[in-house]
Amino acid sequence: MHSRTAVAVALAFALGGCGDEPSLEQTLPPGSGGEAGALAHAPDARELVFDREFLFISIASDPVVAIPWFFRARSQVGGVLRERSAWIQRGGTWEALVQESELGPTSRTPWRILPGENLRLIIGEDDDVEALFLRDGAVELETRLVDFLAEWMRQVGDPVRLFAGRSLSPSGPIEGYVLDLPRSWEAPGEASGDWIFLLSGTDLQLFLEEVPSPSESRIPTRYRGWSRSRLGDGEWSSLTVLWENMRPFERARRNIPSRWGISSPGGEISGELVSVNSYLSAGEGEGPILPVSGLFGVTGTLRIQGNMVSVAGVVRHVQR
């Protein structure tokens, strides 16, 4: 058995923001490794790209606490470029905690996530991730995957898994949920898209994922979805998510969504989400229009299976 010793957590974050929707924005310098952490970099030709994205979220406190932990491996000529990053949404705004990147040797298992200098892992039996933790100077943070709750099967690729989770802080543990999302594709012909994870108290957990499509013919409105609730689980193979309101992101010279409309053909799901804060990154590119990577804190109201519910959560957004 592997050690499950808890890591003491001390958060010292400078939180800020302004306006109705606090937003942190950055332009990433070439070769800084920052583009790896933000995942806004467009992969080189003929790369195999493996993403493993974890999201801890708790709505037990107001405002919502969310901690994304993202890992990417790009298997390319000359080795595997591994990228790791973590953020926190707390106090109504986002902060980037760590961004790491290094080129390692060619691997037969490039999809396997590996620890970095500051972002570490606890791996249990069957190579399952049990905890993620950050040690970077005065900042220490841990997310634990406590109890398995659900597994959502896709037609292609590994399943999405949901866990009861815990994040540690100086004031004590924060209980919530952890989403474990693996994705892979071959660049540049394919690409992963956006996803949305929403909670309504402990009664409902809802995950929506953009249907994969070729990069040159992306249809960002096509989604599939799964839910776990006290009224029963749900699955939808065809959902529509519309970008109903847009606002400019000048550094990337693109428009980004600020309001989303959600619907299903049979009317089982309908409603809208509104961005309340965001973290945006502009990546590298050859032309004036740059790739975008974003995290949005959202709230909204949905009608799902005949019930009106208030929801809060996170939208992961990319434009390549």
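The values are calculated or read from the model by the stated rules, or taken from the named source; none is laboratory data. Remember, it's a predicted structure, so these values are computed and weren't measured experimentally. We place every Cβ from the backbone using ideal geometry, glycine too, and count neighbours over all the protein chains shown.
Below are the figures for this structure:
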quantity	calculated
Options 313, 285, 294: the member that is out of contact with any Gly (no Cβ under 9 Å at 6 or more places or on another chain) and either in a strand (DSSP E or B) or buried (at least 19 other Cβ atoms within 10 Å of the Cβ) (or both)	294
Scope the stretch 175-192; condition assigned to a loop (DSSP other than H, G, I, E, B) and either farther than 25 Å from residue 128 by Cα or aromatic (Phe, Trp, Tyr) (or both); matching residues	188, 189
Scan of the stretch 127-139 for residues that are under 24 Å from residue 162 (Cα atoms) and surrounded by fewer than 19 Cβ atoms within 10 Å (Cβ to Cβ), ordered by number	127, 128, 130
Selection status of residue 60, at pLDDT below 95, within 23 Å of residue 110 (Cβ to Cβ) and either part of a loop (DSSP other than H, G, I, E, B) or within 15 Å of the chain's Cα centre (by Cα) (or both)	no
Pick from the stretch 260-282, criterion within 18 Å of the chain's Cα centre (by Cα) and within 23 Å of residue 305 (Cα to Cα), ranking: surrounded by the most Cβ atoms within 10 Å (Cβ to Cβ)	273
Failed item, numbered, when residue 226 is tested on (1) closer than 21 Å to residue 86 by Cβ; (2) surrounded by fewer than 22 Cβ atoms within 10 Å (Cβ to Cβ); (3) among the aromatic types (Phe, Trp, Tyr)	(1)
